[in-house]
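Below: one structure, written as structure tokens.
All of the numbers you see were taken from the coordinates with simple rules; none came from a lab. Since this is a predicted model, take the numbers as computed values, not measurements. Cβ atoms come from the backbone with ideal geometry, glycine included; neighbour counts cover every protein chain shown.
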Amino acid sequence: MDFPGSPRRAPPRLRFFAQYTHHHLVVFLLTFFSYSLLHASRKAFSNVKVSINNQWTPPSLNASMPIVDPNSTWNGSHLFPDFNSATIFLGLLDTIFLFSYAVGLFISGIIGDRLNMRYVLTFGMCSSAVTMFVFGTLTEWLHFYNKVFYCSIWVINGLLQSTGWPCVVAVMGNWFGKSGRGLVFGLWSACASVGNILGAFLASSVLKYGYEYAFLVTACVQFAGGVIIFFGLVTSPKELGLPDAGEQEGESRDREEEANRPLISEDNEVDSDASYSIQAPDTASTPKAISFMQACCLPGVLLYSLAYACLKLVNYSFFFWLPFYLSKNFHWKEAEADQLSIWYDIGGIIGGTVQGFISGHHAKKIACLGY
């Protein structure tokens, strides 16, 4: 009930969006597209596996596969004697990448807690772009084919790619906090799927010129994105003199409690808070980073990790091998297989947004019930 003369409270939906500024929008977009570009460069490799396989094996063994340049002859490096051997090595590269990426996530999380995340993210994006260029473009231009070199550069790429996820999630947490865990993070979670779509589009559009140009284009776009992150990303509201998301949420709760507090206490005395002071409160010390074991002991961490691992098992199977499977088993053109694989990511965008909205809605209900 609104009393005469009292300010009218805005509807809940308007209050939700009113708490965000244009700084929040900029951070949302920059972190969104930075991780999208990282995924786009990863997707380039899975989208050109058939072309790479043809290049690494003698043309006579790939008569059923399209050859980019019919006049070209095998370079004589004898990297692989047949198509199946090359396919196994491509699977090995995927395994190497994911293993180094998993190890790198722990390292990147530790580094991100101790250094400026803008520098870490910029370094990871630009350096990963260079490794993609060396792996797929430079080696083809120089006609340099070496198994050990491919494995080594892919380990480095996995470590560099791992800088993205911990940094962008931490930056989003600094700006949006718990209030953004529903709809905001549901929308933001589409960044990986958007990156997959972008990578598939870029690769399929230049694949007719050679698979090396798919690596070249995605690497250039990612490097440019890293430069934009360096000059445009603000990792925390405190850098602009604004309170963190957690402090804003605490102040909001205090204002609600103050509004619901009775003016007259049960003893018919005016309520006076002895803690009121004109002095500025003591500045809270920066929290220290917790260890790996402490993180594992947090409620729900292990269960959520296992559930996420099961989802990733299916997701990366489609991510790395769906275009290759369609081209190899159904004899589709590689560009057409890349374009069809986009629909899987479109479903991911819709599903992530809907699930984020549902989780945020149920979280509010649970909070209202006092749980």
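If you plug the beta carbon distance of Ser291 and Val103 into 1/(1 + (r/R0)^6) with R0 = 22 Å, you get a FRET efficiency near 0.85.
With a threshold of 28 Å on the Cα-Cα distance, the over-threshold entries among Lys43/Lys178; Lys208/Lys312; Lys147/Lys328; Lys43/Lys208 are Lys43/Lys178; Lys208/Lys312.
What whole-number distance in Å separates the alpha-carbon centres of the range 97-151 and the range 152-231? The range 97-151 and the range 152-231 have Cα centres spaced 13 Å from each other.
How much FRET efficiency would the formula 1/(1 + (r/R0)^6) give for Gln355 and Glu239, where r is the Cβ-Cβ distance and R0 is 35 Å, rounded to 0.05? Write out the running numbers ahead of the final one.
Working: r = 32 Å, r/R0 = 0.90.
Step by step, r from the Cβ atoms, then E = 0.65.
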